[in-house]
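Read the figures in this text as sums done on the coordinates, not as results from a lab. The shown structure was predicted, so the numbers you read here are calculated from the model rather than taken from an experiment. Glycine gets a Cβ as well: all are built from the backbone with ideal geometry, and neighbour counts include every protein chain shown.
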């Protein structure tokens with residue numbers, strides 16, 4: 001469960017219970033407006049709020065009737081292997097019901113909550129109830145290598161079969177001991193539960209293969225090493241050591257390799273997390289190395305990478321089971337812990353998610369954007385944009401920046417990610433359209449001595465999530481003004497020379513594009529909008545429709561239509577997007593008001609013209 005749960009309180013009667021649960025889980029408490037006295041965040045509509053949290057992948061603990069949560073998330077149910085846990089708790093805390101995601105953490109959460117409240121966890125999944133063990137959800141430090149067999153194995157056990165725990169690691173699998181009931185006199189089918197760190201060919205559809213994760217793979221490689229070379233070296237070592245990939249807890253390396261494609265690809269292919277260590281942290285392991293190297297020390301500041309990283313990640317009691325082996329450009333080693341590893345040491349590779357949240361209202365925010373925000377360790381952005389996130393941002397560390405602090409905003413986000421944090425840089429609209437996306441990549445592109453960012457920040461993962469742009473929102477509200485070729489031009493001359501803006505206006509006017517004008521005016525800039533109107537009037541009719549769209553998706557949203565020759569600067573402000581039609585754009589009066597559209601030429605096609 002990668003995202004912290006949210007506890008929802010829907011009434012004053014359940015508020016105390018919800019607060020106890022939130023405190024016990026270290027979770028944010030969200031309360032229903034007007035019905036809950038205090039909370040980290042408030043929501044007006046319980047069904048809609050639960051639906052948005054679920055779509056973002058956030059586990060939900062609702063102190064409310066089960067039916068409320070069921071009705072909320074029912075339209076979104078699709079794949080139980082990817083859906084977050086959903087639990088309901090009675091107002092008095094007497095009953096905790098895991099509704100969804102029983103084997104994705106909900107059953108465990110239910111028992112934990114019940115223990116805090118002194119209530120009962122109403123677990124209903126068959127394996128947990130009849131067997132006392134969820135075979136498809138082994139405890140931390142163990143993995144099920146063949147989950148596709150779990151259903152058949154549990155059905156066999158529930159139908160009278162008996163389990164047999166076997167393998168060289170069976171003694172460490174105390175959590176399976178209650179099931180080990182098979183005997184030579186048994187007449188029912190025997191379900192083999194094999195516990196081993198070795199590669200194993202499973203026979204039969206009811207046999208389950210469990211691996212204790214007692215190994216860490218340490219790797220190092222030259223810059224530009226191919227993924228194929230590193231993977232072959234690793235696969236050969238695992239084969240020689242007779243260690244199954246499923247018995248690996250992590251891939252570990254020096255933090256300088258955080259952006260090395262071969263290392264990243266290796267961790268992905270093995271399906272384990274990547275953990276990073278500084279040179280100082282690896283140097284502390286020098287006394288345990290079998291192959292310390294002065295050459296490596298001179299190069300990166302520690303006497304070994306592969307061996308030291310494996311030992312550092314596996315813990316103080318681990319041993320170097322398989323010392324360093326190497327190819328032309330890569331090295332790897334295996335460290336072995338005396339018991340399954342339940343705690344990841346080192347740090348993860350940092351991530352910066354550049355997130356566009358649309359014009360403002362939550363209904364226009366994509367589930368991907370909500371998920372990235374929910375997963376973030378820290379939120380960064382202009383204060384207003386962070387406020388627009390509402391309950392989704394509750395309880396999260398945030399760094400607010402004022403307008404005009406764009407470079408400082410992006411630099412802070414990158415540097416925090418460089419420390420291993422998961423950071424969401426929040427922008428309105430689409431982050432790649434007149435927003436922070438381009439500035440992030442510009443900072444990454446600048447040399448360090450020319451205002452760039454640190455080397456650590458350059459090694460982070462950067463992803464972008466699209467959002468509904470202001471021009472899309474305005475066009476949707478108006479009808480279809482962008483039905484044919486269009487462009488966007490910012491009238492702000494703070495970053496773009498005025499003469500370049502005029503040149504682009506002239507080109508767009510001559511090309512007869514529909515034009516979306518961003519940043520049309522400010523308190524200081526009042527002339528370029530009038531100049532744009534006059535340039536456009538030289539190339540299109542005075543009755544050309546113009547849309548003025550203000551505060552889209554927010555309180556005070558307003559749409560107004562004007563003729564091009566009647567466009568006045570004083571009725572436009574900083575919150576307005578101006579869409580000027582082409583010579584073909586039309587304004588049509590319908591029963592529920594005016595609509596603006598730009599025909600693409602379908603009339604000509606239907607009359608027998610060429611297919612565009």
From 427, 421, 410, which residue is without any contact (Cβ under 8 Å) to a residue 40 or more places away in the chain and either within 30 Å of residue 19 (Cβ to Cβ) or buried (at least 19 other Cβ atoms within 10 Å of the Cβ) (or both)?
410
Those residues of the range 5-34 that are surrounded by fewer than 16 Cβ atoms within 10 Å (Cβ to Cβ) and under 17 Å from residue 393 (Cα atoms) come to a total of 2
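With the range 414-531 as the region, which strands (runs of 3 or more DSSP E) entirely inside it contain at least 1 residues that are touching a helix residue (DSSP H, G or I) at 6+ places or on another chain (Cβ under 9 Å) and under 17 Å from residue 577 (Cα atoms)?
422-427, 486-490, 514-518
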Evaluate the range 33-49: report whether one residue or more is closer than 16 Å to residue 374 by Cα and in contact with a helix residue (DSSP H, G or I) (Cβ under 7 Å, 6 or more places away or on another chain).
yes
Using the structure shown, decide if residue 97 is touching a residue at least 40 places away in the same chain (Cβ under 8 Å) and more than 29 Å from residue 340 (Cα to Cα).
no
Taking the stated definitions as given, is residue 219 part of a loop (DSSP other than H, G, I, E, B), in contact (Cβ under 8 Å) with a residue 24 or more places away in the chain and either touching a helix residue (DSSP H, G or I) at 6+ places or on another chain (Cβ under 9 Å) or closer than 30 Å to residue 329 by Cβ (or both)?
no
Taking the range 205-216 and keeping residues under 28 Å from the mean Cα position of the chain (by Cα) and assigned to a loop (DSSP other than H, G, I, E, B) leaves 213
Strands (runs of 3 or more DSSP E) contained in the range 313-402 and holding at least 3 residues over 20 Å from the mean Cα position of the chain (by Cα) and surrounded by fewer than 23 Cβ atoms within 10 Å (Cβ to Cβ):
319-326
